[in-house]
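The values are calculated or read from the model by the stated rules, or taken from the named source; none is laboratory data. Predicted, not measured: the structure shown is a model, and the values here were computed from it. With ideal geometry, Cβ positions are generated from the backbone for all residues, glycine too; neighbour counts draw on all protein chains shown. What goes into the accessible areas is simple: the full protein's heavy atoms, side chains included, and nothing from ligands, DNA or RNA. Shrake-Rupley method; radii C 1.70, N 1.55, O 1.52, S 1.80 Å.
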Amino acid sequence: MKKDLLSIADLDRKEIEHLIEQARCIKREGASSLLSGKTLALLFEKPSLRTRVSFELAMYQLGGHCIYLSPEEVGLGKREPAADIARVLSRYVDVIAARTFSQETLHILAAHSSVPVINALSDLEHPCQALSDLLTISEKKGKLSGLTLAFISDGNNVANSLLLSACLTGMNFHFASPPGYEVKKEVLNQGKKFAALSGSQIQLTNNPHEAARGADIVYTDVWVSMGQEAEAEKRSFVFSSYQVNSKLLSLAKRDALFMHPLPAHHGQEISAGLLDDPRSVVFDQAENRLHLQKALLARILLC
Ligand code: CP
Ligand code: NVA
């Protein structure tokens with residue numbers, strides 16, 4: 001059976017821990033020709049820096065090939081229906097990583113593709129980011145279970161995938177957003193089911209100070225995700241008291257990490273200069289996209 005990764009919930013705790021272990025091993029020792037002869041198609045409806053470059057390099061460094069298909073080129077759902085694109089690409093490539101506006105498009109692609117489909121970010125989730133972040137946290141803290149991650153921003157794709165990741169791996173998840181910008185109910189309910197098994201605690205609040213207090217990791221993301229540009233003005237007003245800055249970080253543990261998936265908006269969701277704070281691990285996060293996705297591609301294509 002082909003292995004799609006459309007949501008973090010497609011993995012269980014064991015598989016996540018194994019992926020992190022594999023990524024650490026590949027990062028340490030390399031794996032030069034592991035994917036020789038294999039081809040990945042990157043099918044993107046939205047812009048990208050990290051996801052595109054890290055997937056392209058991952059294939060190149062593992063001996064495979066990558067083909068980038070830009071929004072203008074393919075016209076997903078406009079020039080051609082998603083189902084037909086999936087059937088055509090399946091005849092050429094071994095795996096598809098797609099960045100789409102809607103999660104539904106990913107499901108259509110996966111349903112009509114005979115090769116695995118990876119979610120490279122949708123409106124609902126960003127599983128490759130969350131898995132890479134778990135790698136970064138485990139490197140910095142030596143464990144995942146029992147740590148507390150405070151996510152202070154919008155209940156967006158990154159928040160949803162981190163909530164599920166935390167609940168699967170025994171991390172506590174604190175979440176603070178303005179009222180009306182919480183994580184999706186279905187994602188929360190799924191997270192609660194995982195938490196009941198792993199022992200994770202979920203705390204939801206509208207108070208960023210409450211969320212950050214005593215946290216091991218303070219995590220934020222943009223207030224306006226790709227596709228929400230029309231709401232930019234309203235959101236910058238609604239989120240204005242949710243900025244992550246030194247004052248907020250000082251409520252977390254002394255050895256807390258500051259995390260952000262990037263791109264960041266300096267002076268909005270983070271204070272200017274925060275990326276250079278000694279607690280910031282944002283560029284390790286960006287680097288680990290490469291290592292984690294190598295392990296993910298190997299798992300999907302070779303196992
Ligand atoms: N973090 C992340 O996914 O970055 P890009 O949007 O640049 O790929
Ligand atoms: N929430 C952001 C993440 C970017 C990596 C977005 O969807 O634009």
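Output the number of the condition that Y219 fails; it satisfies all remaining conditions of (1) surrounded by fewer than 22 Cβ atoms within 10 Å (Cβ to Cβ); (2) within 16 Å of ligand 1 (Cβ to nearest atom); (3) among the aromatic types (F, W, Y).
Of (1) surrounded by fewer than 22 Cβ atoms within 10 Å (Cβ to Cβ); (2) within 16 Å of ligand 1 (Cβ to nearest atom); (3) among the aromatic types (F, W, Y), only one is false for Y219: (1).
Hand me the list of helices (runs of 4 or more DSSP H) wholly inside region 10-86 holding 3 or more residues that are more than 16 Å from ligand 2 (Cβ to nearest atom) and either touching a residue at least 24 places away in the same chain (Cβ under 8 Å) or within 18 Å of D133 (Cβ to Cβ) (or both). Steps first, answer last, please.
On the way: elements: 13-29, 50-61, 71-74.
Per the criteria, 13-29, 50-61.
Considering region 67-103 alone, what residues qualify as being hydrophobic (A, V, I, L, M, F, W, C) and either open to solvent by 40 Å² or more (accessible area, probe 1.4 Å) or out of contact with any helix residue (DSSP H, G or I) (no Cβ under 7 Å at 6 or more places or on another chain) (or both)?
Within region 67-103, I67, L69, V88, L89, V93, F101 meet the criteria.
Out of E104, E45, E29, E15, I need the residue that is charged (D, E, K, R) and over 27 Å from Q190 (Cβ atoms). Which one? I'd like the intermediate steps shown before the answer.
On the way: E104 fails: over 27 Å from Q190 (Cβ atoms); E45 fails: over 27 Å from Q190 (Cβ atoms); E15 fails: over 27 Å from Q190 (Cβ atoms).
Result of the check over E104, E45, E29, E15: E29.
Being away from ligand 1 (no atom under 16 Å from the Cβ), under 30 Å from F44 (Cα atoms), hydrophobic (A, V, I, L, M, F, W, C) and free of Cβ contacts under 8 Å to residues at least 40 places away in the same chain narrows it down to one residue among L204, L249, L188; which is it?
L188
Between residues in region 141-157 that are in contact (Cβ under 8 Å) with a residue 40 or more places away in the chain and residues that are acidic (D, E) and within 16 Å of ligand 1 (Cβ to nearest atom), which pairs lie under 7 Å by C-beta distance while being six or more apart or on different chains?
Between residues of region 141-157 that are in contact (Cβ under 8 Å) with a residue 40 or more places away in the chain and residues that are acidic (D, E) and within 16 Å of ligand 1 (Cβ to nearest atom), the close pairs are S153/D221; S153/E269; D154/D221; N156/D221; N157/D123; N157/E125.
On the basis of being buried (at least 19 other Cβ atoms within 10 Å of the Cβ) and either within 21 Å of H260 (Cα to Cα) or within 16 Å of ligand 2 (Cβ to nearest atom) (or both), does N206 make the cut?
no
Rundown of residues vs (1) out of contact with any strand residue (DSSP E or B) (no Cβ under 9 Å at 6 or more places or on another chain); (2) away from ligand 1 (no atom under 16 Å from the Cβ), yes/no style:
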| residue | (1), (2) |
| --- | --- |
| L43 | no, no |
| K46 | no, no |
| R50 | yes, no |
| L57 | no, no |
| G64 | no, yes |
| R79 | yes, yes |
| A82 | no, yes |
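Check L135, L109, L147 and return the single one that is more than 16 Å from ligand 2 (Cβ to nearest atom), modelled with pLDDT of 95 or more and farther than 30 Å from Q201 by Cα.
The match here is L109.
I'd like to check something: does region 119-142 contain any residue that is under 30 Å from H174 (Cβ atoms), acidic (D, E) and more than 16 Å from ligand 1 (Cβ to nearest atom)? If you could, list the steps in order and put the result at the bottom.
Applying the first criterion (under 30 Å from H174 (Cβ atoms)) to region 119-142 yields 119-142.
With the extra rule that they be acidic (D, E), the set shrinks to 123, 125, 133, 139.
If we keep only those that are more than 16 Å from ligand 1 (Cβ to nearest atom) too, we end up with 139.
Yes, there is a match, as at least one residue in region 119-142 is under 30 Å from H174 (Cβ atoms), acidic (D, E) and more than 16 Å from ligand 1 (Cβ to nearest atom).
Step by step: first the residues of region 1-12, then only those that are surrounded by fewer than 17 Cβ atoms within 10 Å (Cβ to Cβ) and modelled with pLDDT of 95 or more, then the one that is nearest to A195 (Cα to Cα). Which residue is that?
Here is the first cut: in region 1-12, the ones surrounded by fewer than 17 Cβ atoms within 10 Å (Cβ to Cβ) are 1-3, 10, 12.
Restricting the remaining residues to those that are modelled with pLDDT of 95 or more gives 10, 12.
Numbers: D10: 16, D12: 12 Å.
If we take residues in region 1-12 being surrounded by fewer than 17 Cβ atoms within 10 Å (Cβ to Cβ) and modelled with pLDDT of 95 or more, then D12 is nearest to A195 (Cα to Cα).
If you check H260 against the conditions, is it open to solvent by 20 Å² or more (accessible area, probe 1.4 Å), within 16 Å of ligand 1 (Cβ to nearest atom) and either of a type in the set (A, V, I, L, M, F, W, C) or under 22 Å from the mean Cα position of the chain (by Cα) (or both)? Full working, then the answer.
On the way: open to solvent by 20 Å² or more (accessible area, probe 1.4 Å): no; within 16 Å of ligand 1 (Cβ to nearest atom): yes; either of a type in the set (A, V, I, L, M, F, W, C) or under 22 Å from the mean Cα position of the chain (by Cα) (or both): yes.
So H260 does not fit the description; no.
Could you please find all residues in region 263-303 being part of a helix (DSSP H, G or I) and of a type in the set (S, T, N, Q)?
Q285, N288, Q293
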